[in-house]
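See structure below.
The values are calculated or read from the model by the stated rules, or taken from the named source; none is laboratory data. Every value quoted in this text rests on a predicted model; they were computed, and no experiment measured them. Cβ atoms come from the backbone with ideal geometry, glycine included; neighbour counts cover every protein chain shown. What goes into the accessible areas is simple: the full protein's heavy atoms, side chains included, and nothing from ligands, DNA or RNA. Shrake-Rupley method; radii C 1.70, N 1.55, O 1.52, S 1.80 Å.
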Amino acid sequence: MATYDYGFGRETKYHAFAMDIDGIHFPSRLEATRYEQLKQLAQAGLIRDLVVHPRYKLAEKTRDPHTGKTIGARFYEGDFEYTDELGRRICEDTKGVQTPMFRLKWDLVRPLYPDVYFVVVTGMEVYGR
């Protein structure tokens, strides 16, 4: 992905600016802002066990039967995981643009983890506009 430095962050081809907060790298202001909101919810006791960039295995490591080459395990990486006040495990992905790769991984991960509520959070929900 192409990046540009305008002195206040790196811009990606989707016009998102990367930010670092608490030593954690966020590829967009949207994700960084949502992190700040979730931290406040955790401090207020409304959520617990906040994890940044949780990984969910989609496929095990395997070997290509024709070439013999090893194919590494494949993962979906969410933006956040936490337990809500009802005890549900929530995985959030903040999205400004839903790419075809995201939609593919999204469709693959949800049936594999039926105990997790997968949620897409948009800028409208984060910023209220």
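For region 87-97, enumerate the residues that are open to solvent by 30 Å² or more (accessible area, probe 1.4 Å) and over 14 Å from residue 28 (Cβ atoms). Steps first, answer last, please.
If we filter region 87-97 for residues that are open to solvent by 30 Å² or more (accessible area, probe 1.4 Å), which is where we start, we get 87-89, 95-97.
87, 88, 89, listed by residue number.
Residue-by-condition table, conditions (1) in contact (Cβ under 8 Å) with a residue 24 or more places away in the chain; (2) touching a Cys at 6+ places or on another chain (Cβ under 8 Å); (3) open to solvent by 90 Å² or more (accessible area, probe 1.4 Å):
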| residue | (1), (2), (3) |
| --- | --- |
| 59 | no, no, no |
| 69 | no, no, yes |
| 83 | yes, no, no |
| 99 | no, no, no |
| 102 | no, no, no |
| 106 | yes, no, no |
| 123 | yes, no, no |
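So which residues in region 12-46 are on the phi > 0 side of the Ramachandran plot and either surrounded by 12 or more Cβ atoms within 10 Å (Cβ to Cβ) or in contact with a helix residue (DSSP H, G or I) (Cβ under 9 Å, 6 or more places away or on another chain) (or both)? If you could, list the steps in order and put the result at the bottom.
Taking region 12-46 as the starting set, the residues that turn out to be on the phi > 0 side of the Ramachandran plot are 15, 22-23, 45.
Within region 12-46, just 22 meets the criteria.
Taking interchain pairs and intrachain pairs at least six residues apart, which have beta carbon atoms under 7 angstrom, with the first residue in region 22-35 and among the acidic types (Asp, Glu) and the second crowded, with 20+ Cβ neighbours inside 10 Å and not in a strand (DSSP E or B)?
That search, which allows pairs on different chains as well, returns 31/79.
Working carefully through the options 64, 49, 115, find the one that is at pLDDT below 95 and surrounded by fewer than 13 Cβ atoms within 10 Å (Cβ to Cβ). Walk me through it before giving the result.
Working: 49 fails: at pLDDT below 95; 115 fails: at pLDDT below 95.
So the residue among 64, 49, 115 that is at pLDDT below 95 and surrounded by fewer than 13 Cβ atoms within 10 Å (Cβ to Cβ) is 64.
Identify all residues within region 109-129 that are under 15 Å from the mean Cα position of the chain (by Cα) and either among the aliphatic types (A, V, I, L, M) or within 17 Å of residue 53 (Cβ to Cβ) (or both); write none if there are none.
We begin by selecting, within region 109-129, every residue under 15 Å from the mean Cα position of the chain (by Cα); these are 109-110, 116-123, 126.
The answer is 109, 116, 118, 119, 120, 121, 126.
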